[in-house]
Amino acid sequence: MTRKAKPAAPPAPTVPAIPPADVLGRLAALKTAATPDLKQQWRELFAAEPPPYNRRFLESRLAYRVQEIAYGGLKPETVQRLEALGEQLDGGNPALRRIRGDDMPIIGTRLIREYQGVEHSVTVLHDGFEYQGRPYQSLSSIARAITGTRWNGWLFFGLKNRRAAA
């Protein structure tokens, strides 16, 4: 009985080593690099084609990757723990991990809106909003307090696009 040899898997692409001393310079250079240069760096550091996302996304992911290569990534135990926590939340369906439970901005976020030359600041709380030291249940009530007319608070503070709402 003769066995056929399995075809050898292509060697994994090697990612260039980054000395820790070079990290700060490389991170600073990301801000001034042209987008085609960022995409080329993506190919070098991830050994894959860059995604069709905006520049800010490319910069942030490249910054993380540079640090990951220089200092090392997460420990395998940490990755396993994060996966286990994710499975507790979504039953093992990774697609559900990308969906927020609600549309509320993150607690502590400050919403700033200029209206008739006056800047108005609202803080997102766990159970509503705070404007001028008073709690409010909705952004619409705050928009009404500011303008004196009925407004959709999400539109007033720029959290909802009119065209998307239509």
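The values are calculated or read from the model by the stated rules, or taken from the named source; none is laboratory data. Worth saying up front: this structure is predicted, and the values here are computed from it rather than measured. Neighbour counts are summed over all protein chains in view; Cβ atoms, including those assigned to glycine, are modelled from backbone coordinates with ideal geometry.
If you go through the range 38-64 and keep only what is of a type in the set (Gly, Ala, Ser), over 19 Å from residue 14 (Cβ atoms) and exposed (fewer than 13 other Cβ atoms within 10 Å of the Cβ), you end up with just 60. When the range 116-142 is filtered for residues that are under 18 Å from residue 103 (Cα atoms) and of a type outside the set (Val, Ile, Thr), the ones remaining, listed by number, are 125, 126, 127, 128, 129, 130, 136, 137, 138, 139, 140, 141.
Scanning the range 100-122 for residues that are over 30 Å from residue 86 (Cβ atoms) and in contact with a strand residue (DSSP E or B) (Cβ under 9 Å, 6 or more places away or on another chain), which turns out surrounded by the most Cβ atoms within 10 Å (Cβ to Cβ)? So the residue we want is 122. Sort out which residues of the range 123-136 are touching a strand residue (DSSP E or B) at 6+ places or on another chain (Cβ under 7 Å), surrounded by fewer than 16 Cβ atoms within 10 Å (Cβ to Cβ) and farther than 14 Å from residue 105 by Cα, and write them in order of number. Across the range 123-136, the qualifying residue is only 135. The set of residues in the range 142-166 being touching a helix residue (DSSP H, G or I) at 6+ places or on another chain (Cβ under 8 Å), surrounded by fewer than 16 Cβ atoms within 10 Å (Cβ to Cβ), modelled with pLDDT of 90 or more and part of a helix (DSSP H, G or I) consists of 147, 155. Screening the candidates 103, 90 for the property of being within 16 Å of the chain's Cα centre (by Cα) and either over 27 Å from residue 160 (Cα atoms) or modelled with pLDDT under 80 (or both) yields one hit, 103.
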